[in-house]
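All remarks here apply to the structure that follows.
The values are calculated or read from the model by the stated rules, or taken from the named source; none is laboratory data. Every value quoted in this text rests on a predicted model; they were computed, and no experiment measured them. Positions of Cβ are backbone-derived with ideal geometry, glycine not excepted, and every protein chain shown enters the neighbour counts. Areas reflect the complete protein model, heavy atoms only, side chains present, ligands, DNA and RNA absent. Shrake-Rupley method; radii C 1.70, N 1.55, O 1.52, S 1.80 Å.
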Amino acid sequence: MSISPKFDHLTAEDKWYQYWLDQKFFQSKPDEREAYTIVMPPPNVTGVLHMGHMLNNTLQDVIIRRARMRGFNACWVPGTDHASIATEAKVVNKLKEEGIDKFEIGREAFLEHAWKWTHKHGGIIQQQLKKLGCSFDWDREAFTMDEIRSESVLKTFVDLYEKGLIYRGYRMVNWDPSAKTTLSDEEVIYKEVNGKLYHINYPLSDGSGSLTVATTRPETILGDVAICVNPADVRYTHLIGKTVIVPICEREIPIIADEYVDLEFGTGCLKITPAHDINDYTIGKKHNLAVIDVLDDEGKLNQHGLHYQGQDRFVVRKAIAKELEEKGFLAQAEDYTNKVGTSERTGAVIEPKLSDQWYLKMKDLAQPALNAVMADDAEVKLIPEKFKNTYRHWMENVMDWNISRQLWWGHQIPAWYIKGDRSNIVVALTADEALAKAQAKDGSLSMDDLEQEPDVLDTWFSSWLWPLSVFNGILEPENEEINYYYPTQDLVTAPEILFFWVARMIIIGYENRGVKPFSNVYLTGIVRDKQGRKMSKSLGNSPDPISLMEQYSTDGVRVGMLLTSPAGNDLPFDEELCEQGRNFANKIWNAQKLVKMWEISDEAPDAASISAMRWFTEKKLETLDKLEKSFDSYRISEALMISYKWVWDDFCNWYLEAIKPAYGAPISRAVYDQTIQFFEDLLAVLHPFMPFITEEIWHNLGERSTGDSVSKTPWPATQTVEENYLKDFDQMLAVVNGIRNLRAEKNIAKKEQLDLYIPSAEAVSEELKPLLIKLGNLAKVELKEVQEEIGFSFLAGKYEFFVPAGDQIDLEAEKARIEKELNYLQGFLKSVEKKLSNERFVNSAPEVVVNKEKEKQADAEAKIKALEESLAKMNA
């Protein structure tokens, strides 16, 4: 058959992915086989592929494709997340550009716009994941706001509420003024910001002086309700119980004492603004102080802001500082660096805010999930284990989860207030059920008397159900699929959502079904650029994954990403890695062309080919054993490198050369057939990493029928390895390399046949001598321990080999080379001997270090002896 000079990856990728879909290779249904299940971490429904997605999904695809080939009923479930905050923010901005206000059009109209946006921009990432070669069961694609997932979320809320685990509370929350919603503590990113520390004078009400207070937020003084000092601070004990006047608003507030105040920070006086600081709120509750909130939901000053009402908080900060200075209240403004909380989603500076929110009690729920990971016989393994301490810290210090968000895009909380009374609540799956529950309290109530909670649930409240809800395990807890596919095997995700998502899935898994949701959590690293920076749009350092795949091939990019991505460690990405991946693909393609161009004869194999076939059989078994250990330990990058070296070094560089027939001569059919089998084995091993080129070559290697695929071939089986044969072969290859190095040093042409003297029968296996002669291009191999004639020696293993010199050798140049090498080795030996004669070094250094130096000494002495003998023969 005709094989193209180069692999046309663009055509092949589209062809083979459609073939896999048409043949339903990725489809999974419960049967008698053991299930192997992975649920995809759902990306934002309107998202596009980035380098993090590339790494994460490539790893999952490698694992699931290999599981499929190992005979498991492999099921990889795809899906997307509705991403409440991010999606709503995009829709709000779009409407704003069109002159439409979210609140003016109302909830139903806004949700229509949100669904249109989702349908228009959704689906992009799914097509990109197909381009990546991901072998999802697309018939199972789920969305966190589709009917089954939505009903599952609401049912879970109702169940947990009825168990007394969900409650409504008035607390200080993290408020995102841009998204106009609360955030969990884990969604707040702290950044160092250069600002000012303002020292403000508060006049004492009796006119006897003033107190100076240091603050980074002068715009909140209009909400001050007290000045607090430490009762042990002798500077202020005489003032406790007196009052001061708040500048600008001229409100009188008390001076109170509390040990919370740090005597060393600022002036030792703390302004108490309970509505805008969690610590102030705690002190305010303790001292029964009023709460004055000066900010609205958009971060603008409200009616308590006096003449600053309607202005943004940061605008007011500068303006009020100027007013304080003009009125003589500003004592000093110094440069100051502090950490400021920002929204993970919008980047807005977070505002502490008192608010009624819905909470889930977490302490008791978290205990089984903590034990599942931290126990000696852990049911859920974190890979790498270094993340266990982080997990334990979070779970041992878990706070109640604020599960409500002030958004419209998402799952509206299934709670209804009766006649507007926020303390009179009914929780139900539907409005009709809510009415029935309300009428059980008061038979005169109608639907008009009920008002549904406008807030939606935190996006993570749907995501934590993912391994359950994708198999409809919430609504139908005993259905065939949930009992077959759950618990799942592996989860591949990022460590930054270890608590957000992973821990919560473990929590609800034990709460809902009493079992873990998965067995292994593979935590990837962050993809960084060559400068170590995290890849991001804002930095402009993130390449377009689609462009990379078009340029270097999908297989090349997959290999490039996995070559340097051990679990839990960041990936220092460089496009050169993709080029290396493409070069590897080219190497395999060219090996195929070489094999397919050979003419075949029915002659028996020669001795060299028989030895090569035996060696590669053992090498395959050794490689499969190494791969098994790497995969079992989730060292995927290591498994790829083992496969890479097996293909590039062992198969292409050694085996094919060993069996290659002479120019114009045919190859034995037995050797050819065995080589095709070897090729198919290595294609099977490479297939999880490089699905497209392996499918193309596998089809080229033999007659195939519709429905055939390398992905359906069984993973090669392991057997006992003949270690001694591999050692003998390695020794033979060391001799070949010695001969080739000698040729290079002496400028001896490759076509020039040489003689080789070997010192003993053990130096080279008798079975391997024909292959040694072929690979070394030798005229003869002779057992001859003492060499009287002039020539060149080299070491291979512990043996010294000798090549007699021919007329083409420049003896004077060789003498000069040997003398130069002798001088170097003698100097090196002296430095090693000096170190070993140092008693302090020998007695204090680790034994392994000392032994290493002794090995260097023995090696140098052996080489010097060999070189001196060679030089003596030349001078004889």
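Checking the structure you have, find out if any residue of the stretch 144-162 is touching a Ser or Thr at 6+ places or on another chain (Cβ under 8 Å), aromatic (Phe, Trp, Tyr), open to solvent by 30 Å² or more (accessible area, probe 1.4 Å) and within 30 Å of VAL398 (Cα to Cα). No: zero hits.
In the set ASN586, ASN653, which member is over 20 Å from PHE729 (Cβ atoms), out of contact with any Gly (no Cβ under 7 Å at 6 or more places or on another chain) and either basic (Lys, Arg) or open to solvent by 10 Å² or more (accessible area, probe 1.4 Å) (or both)?
Numbers: ASN653 fails: over 20 Å from PHE729 (Cβ atoms).
That would be ASN586, the only listed residue that is over 20 Å from PHE729 (Cβ atoms), out of contact with any Gly (no Cβ under 7 Å at 6 or more places or on another chain) and either basic (Lys, Arg) or open to solvent by 10 Å² or more (accessible area, probe 1.4 Å) (or both).
Could you list, in sequence order, all residues of the stretch 360-371 that are of a type outside the set (Gly, Ala, Ser), crowded, with 18+ Cβ neighbours inside 10 Å and touching a residue at least 60 places away in the same chain (Cβ under 8 Å)? Walk me through how you get there before you give the answer.
Here is the first cut: in the stretch 360-371, the residues of a type outside the set (Gly, Ala, Ser) are 360-365, 367-368, 370-371.
So of that shortlist, the ones also crowded, with 18+ Cβ neighbours inside 10 Å come out as 360, 362, 365, 370.
Those that are of a type outside the set (Gly, Ala, Ser), crowded, with 18+ Cβ neighbours inside 10 Å and touching a residue at least 60 places away in the same chain (Cβ under 8 Å): LEU360, MET362, LEU365.
One residue alone among ALA67, ALA89, ALA74 is open to solvent by less than 10 Å² (accessible area, probe 1.4 Å), in a helix (DSSP H, G or I) and aliphatic (A, V, I, L, M), and that residue is ALA67. Of the residues examined, ASN174 is one that is surrounded by 19 or more Cβ atoms within 10 Å (Cβ to Cβ) and either part of a loop (DSSP other than H, G, I, E, B) or in contact (Cβ under 8 Å) with a residue 40 or more places away in the chain (or both).
Taken over the stretch 1-20, the residue count meeting the criterion of being part of a helix (DSSP H, G or I) and surrounded by 15 or more Cβ atoms within 10 Å (Cβ to Cβ) is 7.
Within the stretch 736-797, considering only strands (runs of 3 or more DSSP E) that don't extend past its boundaries, which have at least 3 residues that are open to solvent by 60 Å² or more (accessible area, probe 1.4 Å)?
Fully inside the stretch 736-797 and qualifying: 778-783.
Is there a residue in the stretch 709-723 that is open to solvent by less than 10 Å² (accessible area, probe 1.4 Å), assigned to a loop (DSSP other than H, G, I, E, B) and either touching a residue at least 24 places away in the same chain (Cβ under 8 Å) or out of contact with any Pro (no Cβ under 6 Å at 6 or more places or on another chain) (or both)? Within the stretch 709-723 (the criterion being open to solvent by less than 10 Å² (accessible area, probe 1.4 Å), assigned to a loop (DSSP other than H, G, I, E, B) and either touching a residue at least 24 places away in the same chain (Cβ under 8 Å) or out of contact with any Pro (no Cβ under 6 Å at 6 or more places or on another chain) (or both)), the answer is yes, since at least one residue qualifies. Any idea which of (1) open to solvent by 10 Å² or more (accessible area, probe 1.4 Å); (2) closer than 30 Å to LEU10 by Cβ is the one HIS113 doesn't satisfy? All conditions are met except number (2).
Screening LEU562, LEU577, LEU571 for residues that are surrounded by 20 or more Cβ atoms within 10 Å (Cβ to Cβ) and farther than 22 Å from VAL647 by Cα leaves exactly one candidate, LEU571. The set of residues in the stretch 216-259 being part of a loop (DSSP other than H, G, I, E, B) and within 27 Å of ASN194 (Cβ to Cβ) consists of THR216, ARG217, ASP224, PRO247, ILE248. Considering the stretch 354-408, the residues that are aromatic (Phe, Trp, Tyr) and part of a helix (DSSP H, G or I) include one that is farthest from TRP460 (Cα to Cα), namely PHE387. In the stretch 252-298, which residues are of a type in the set (Lys, Arg) and either touching a residue at least 12 places away in the same chain (Cβ under 8 Å) or under 30 Å from VAL92 (Cα atoms) (or both)? Result: LYS271, LYS286.
Among residues belonging to the stretch 189-236 that are surrounded by fewer than 22 Cβ atoms within 10 Å (Cβ to Cβ) and hydrophobic (A, V, I, L, M, F, W, C), point out the one that is farthest from VAL349 (Cα to Cα). Taking the candidates together, the pick is VAL234. Listed by first and then second residue, the pairs linking a residue in the stretch 595-623 that is touching a residue at least 40 places away in the same chain (Cβ under 8 Å) and under 16 Å from GLU680 (Cβ atoms) to a residue that is open to solvent by 20 Å² or more (accessible area, probe 1.4 Å) and not in a helix (DSSP H, G or I), with Cβ atoms under 6 Å apart and 6 or more places separating them unless they lie on different chains, are LYS596/ILE3; LEU621/GLN719; LEU621/VAL721. Considering the conditions (1) farther than 28 Å from ALA858 by Cβ; (2) polar (S, T, N, Q); (3) out of contact with any strand residue (DSSP E or B) (no Cβ under 6 Å at 6 or more places or on another chain), GLN826 is excluded by exactly one of them, (1). State which residue is nearest to THR216 (Cα to Cα) when the search covers only the stretch 264-314 and only residues that are of a type in the set (Gly, Ala, Ser) and open to solvent by 10 Å² or more (accessible area, probe 1.4 Å). Per the stated criteria, the residue is GLY266.
Among the listed residues ASN338, ASN371, which satisfies the condition of being more than 30 Å from VAL244 (Cα to Cα) and out of contact with any Lys or Arg (no Cβ under 7 Å at 6 or more places or on another chain)? Spell out the reasoning first.
On the way: ASN338 fails: more than 30 Å from VAL244 (Cα to Cα).
Of the residues listed, the single one that is more than 30 Å from VAL244 (Cα to Cα) and out of contact with any Lys or Arg (no Cβ under 7 Å at 6 or more places or on another chain) is ASN371.
Of the residues GLN357, GLN303, the single one that is over 23 Å from ILE248 (Cβ atoms), modelled with pLDDT of 90 or more and out of contact with any helix residue (DSSP H, G or I) (no Cβ under 7 Å at 6 or more places or on another chain) is GLN357.
Residues that are open to solvent by 10 Å² or more (accessible area, probe 1.4 Å), of a type in the set (A, V, I, L, M) and part of a helix (DSSP H, G or I) were ranked within the stretch 423-469; the one that is farthest from ILE85 (Cα to Cα) is ALA440.
When PHE794, PHE828 are checked against the criterion of being more than 23 Å from VAL736 (Cβ to Cβ) and touching a helix residue (DSSP H, G or I) at 6+ places or on another chain (Cβ under 6 Å), a single residue qualifies: PHE828. When the stretch 237-251 is limited to residues that are touching a residue at least 24 places away in the same chain (Cβ under 8 Å) and among the aliphatic types (A, V, I, L, M), the one that is surrounded by the most Cβ atoms within 10 Å (Cβ to Cβ) turns out to be VAL244.
Looking across the stretch 631-650, just one residue is open to solvent by 60 Å² or more (accessible area, probe 1.4 Å) and either polar (S, T, N, Q) or in contact with a Ser or Thr (Cβ under 8 Å, 6 or more places away or on another chain) (or both), and that is GLU638. In the condition set (1) modelled with pLDDT of 95 or more; (2) surrounded by 15 or more Cβ atoms within 10 Å (Cβ to Cβ), GLU628 is compliant with all but (2). If you go through the stretch 314-343 and pick out every residue that is among the polar types (S, T, N, Q), farther than 20 Å from HIS276 by Cα and out of contact with any Phe, Trp or Tyr (no Cβ under 8 Å at 6 or more places or on another chain), you end up with 0. Close Cβ contacts (under 8 Å, 6 or more residues apart or on different chains) running from residues in the stretch 837-848 that are part of a helix (DSSP H, G or I) to residues that are hydrophobic (A, V, I, L, M, F, W, C) and open to solvent by less than 100 Å² (accessible area, probe 1.4 Å) comprise PHE841/VAL850; VAL842/LEU836; VAL842/VAL850.
Do the conditions hold for ARG317, that is, is it within 30 Å of HIS113 (Cα to Cα), in contact (Cβ under 8 Å) with a residue 40 or more places away in the chain and either of a type outside the set (Lys, Arg) or open to solvent by 20 Å² or more (accessible area, probe 1.4 Å) (or both)? Reasoning before the result, please.
Values: within 30 Å of HIS113 (Cα to Cα): no; in contact (Cβ under 8 Å) with a residue 40 or more places away in the chain: yes; either of a type outside the set (Lys, Arg) or open to solvent by 20 Å² or more (accessible area, probe 1.4 Å) (or both): yes.
No.
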